[in-house]
2 protein chains.
Amino acid sequence: MPRSAETAKFAFHHTMIRVKDPKKSIDFYTNILGMDLIHEAPNSDFTLYFLGYDKSEGQMSAEEKANGLWMRDAVLELTWNHGTESDPEFKGYSSGNTDPGRGFGHIAITVPDIEEACARFEKLGVQFKKRLTDGKMKTIAFILDPDGYWVEIVPQRFKV
Amino acid sequence: MPRSAETAKFAFHHTMIRVKDPKKSIDFYTNILGMDLIHEAPNSDFTLYFLGYDKSEGQMSAEEKANGLWMRDAVLELTWNHGTESDPEFKGYSSGNTDPGRGFGHIAITVPDIEEACARFEKLGVQFKKRLTDGKMKTIAFILDPDGYWVEIVPQRFKV
């Protein structure tokens, strides 16, 4: 079905998940998964972090990337509610994959070489939910982010 | 921080949410929000639906779009566990925004003209969580998908 004129320029911009400790999450999504921290928006009791892959291949400055935030897509928004990181009463967030709370499943990152990507995650001490060798589907893996959200790792390939 | 060689080609591919009734969800994401249904993957007890905006501006056939699925980004994956749509015992999925189950927050769609987009949603009978006129933030809205997941509507703009 062709897109109607009314929705022709709509874009799937971001997915928002809550995180307990932004230091750990930002380390995970930037150093381990290679995203840029594009923009940080502090509020009185929460802070929003917008992350995404550099689609400019290094051509844009940090300021240009931040200013382009609302004109791009494939962004991850992390919401940190201040205090959760040090609150002994805080039970952590639901990954969405157990009851009650089931609904959200995961985010997915595609990689050009999945064997190499998974070997690197192992070396970096990343927690796995499913290694390539586990279960029936030998071509995908699931790792866990610091809050326990599932991150699927999928090979980039030219055929479905 | 520049992307390391090891993560230089990683991409944020998709976000997966479970849906009760795929007919309603696909109608919502295609007819109301303007996404394409790129690929449908039936399994014995569940079916996966991959949706996303046509970035080829009509240049690609349905088959080319499906085959390009794993080389693109900004995809929404819907998982339908067969039977939920007609099971009177099925309680529905958590939106992620209430306890227990809190963690996932929302997905967001950017639009070139938010007043026009919201007026169209009203006309189509879409349920709102937050109209432009509600609350403090007058430039964004939240609508609800058929399972009650929050979908943020944000204007495309050139400055953060």
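The numbers here are math on the coordinates, done by the rules we state, and not lab data. All values derive from a computational prediction rather than experimental measurement. Because the Cβ atoms are built from the backbone with ideal geometry, glycine has one as well, and the counts that use them run over all protein chains shown.
From the helices alone, meaning DSSP H stretches of at least four residues, give me the mean residue ellipticity at 222 nm for chain B, per-run term -39500 (n - 2.57), in deg cm²/dmol to the nearest 500.
After summing the helix terms and dividing by residue count, I get -3500 deg cm²/dmol.
Sorting B:His106, A:His14, B:His82 on the 10 Å Cβ count, fewest up front, what's the list?
Ascending Cβ contact count within 10 Å gives the list B:His82, B:His106, A:His14.
Here the protein assembly as shown was treated as a single set of alpha-carbon atoms; its pair distances binned every 10 Å from 0 give 6, 26, 37, 25, 5, 0 percent. Other residues whose C-beta falls under 10 angstrom from the C-beta of B:Ser86 contribute a net charge of -2, scoring Lys and Arg +1 and Asp and Glu -1.
Among the listed pairs B:Lys55/B:Lys159; B:Lys65/B:Lys123; A:Lys136/B:Lys24; A:Lys23/A:Lys91, a Cα-Cα separation exceeding 21 Å is found for B:Lys55/B:Lys159; B:Lys65/B:Lys123; A:Lys136/B:Lys24.
A crude spin-label estimate for the pair A:Arg157 and A:Glu57, with each label 7 Å from Cα along the Cβ direction, gives 2.6 nm.
Summarise the long-distance tail of P(r) for chain B by giving the % of C-alpha pairs beyond 23 Å. The calculated P(r) of chain B puts 47 percent of pairs beyond 23 Å.
Dividing the mean sequence gap of close Cα pairs (under 8 Å, 6+ apart) by how many residues chain B holds gives a relative contact order of 22 percent. Note on the range A:105-160: Rg/Rh from C-alpha atoms, Kirkwood Rh, equals 0.94.
Between A:Ala119 and A:Asp99, the simple spin-label model (points 7 angstrom out along Cα→Cβ) gives 4.2 nm.
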